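Worksheet: one structure, shown below.
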Amino acid sequence: MHNPSVHHLGAAKRILRYIRATTNHGIWYKPVVNFKLLGFTDSDWAGFVDDRKSTTGFIFNFGSGAVAWSSKKQNSIALSSSEAEYTAAVSCTCQAIWMRRVLEDLQQHQSCATEIFCDNKATISMTKNPVFHGRTKHIELRHHFIRDAVAKGVIELKYISTNEQVADGFTKALSPAKFLKFRDSIGVCSFASRG
């Protein structure tokens, strides 16, 4: 880390205290009938102070718990929050396609499009509308890969409010209440209470 401060030391200590307090936690996969792959994608915008790059975060649930997740700095600088969200949705789509192939190999055919939930309506609109607008014409062509996946019915981007966005914690710090709510929604629980 470049130029660590007392603030960074405090953050590291909080993380270590959290890890120590949750060593008996894990993901609990409850028996379910419908094994459906669901994705959640989010991004901050220009969250890195040094270079103003954004963070991509996504998570996939299968059945009752999380099976894949990622939090990663984007490679290019997004000129808008919609572009940052669009870039995150593309990364999530690539993961969804790979996971669908793995599930096929495991005889878990996904009969309909994989739903990916996003909290940015402009991003969802960009995936459905192939028209280039002045505000989006600079976006790299490789990012428009998502449009093809939507058109083929492989994925379906759906809107979810920011308050319900499970991937939010992969892009920014959350309040304790919101963190616990989202942690529970991905199947994390204490095994000590399970007996």
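Report, ordered by the first and then the second residue, all pairs with beta carbons closer than 7 Å, sequence separation of six or more or different chains, a first member in the stretch 134-159 that is over 14 Å from ILE124 (Cβ atoms), and a second member that is small (Gly, Ala, Ser) and at pLDDT 95 or above. Cβ pairs passing all conditions: GLY153/ALA113; VAL154/ALA113. Are there any pairs, at least 6 apart or on different chains, whose C-beta atoms fall under 9 Å, with the first in the stretch 2-27 and over 27 Å from VAL49 (Cα atoms) and touching a residue at least 12 places away in the same chain (Cβ under 8 Å) and the second loosely packed, with under 10 Cβ neighbours inside 10 Å and of a type in the set (A, V, I, L, M), and if so, which? Filtered contacts from the stretch 2-27: ASN24/ALA192; HIS25/ALA192.
Contact map, the stretch 29-51: residues that are touching a residue at least 60 places away in the same chain (Cβ under 8 Å) paired with residues that are basic (Lys, Arg) and in a loop (DSSP other than H, G, I, E, B), Cβ distance under 8 Å, separation 6+ or inter-chain. Pairs shown: ASP44/LYS172; GLY47/LYS53; GLY47/LYS172. Cβ separations smaller than 7 Å between residues 6+ apart or across chains give the following pairs from the stretch 67-90 residues that are touching a residue at least 40 places away in the same chain (Cβ under 8 Å) to residues that are among the small types (Gly, Ala, Ser) and part of a helix (DSSP H, G or I): SER82/ALA122. Scanning the stretch 171-182 for any residue that is surrounded by 13 or more Cβ atoms within 10 Å (Cβ to Cβ), under 22 Å from GLN110 (Cα atoms), modelled with pLDDT of 90 or more and within 17 Å of the chain's Cα centre (by Cα) turns up nothing. Based on what the data block shows, is ALA89 under 25 Å from ASP148 (Cβ atoms) and surrounded by 16 or more Cβ atoms within 10 Å (Cβ to Cβ)? The answer is yes for ALA89. Evaluated against (1) touching a Cys at 6+ places or on another chain (Cβ under 6 Å); (2) of a type in the set (A, V, I, L, M, F, W, C); (3) surrounded by fewer than 17 Cβ atoms within 10 Å (Cβ to Cβ), LEU79 falls short on exactly one condition, (1).
The values are calculated or read from the model by the stated rules, or taken from the named source; none is laboratory data. These numbers were taken from a predicted model, which means no experiment stands behind them. Cβ: placed from backbone, ideal geometry, glycine included. Neighbour counts: every protein chain shown.
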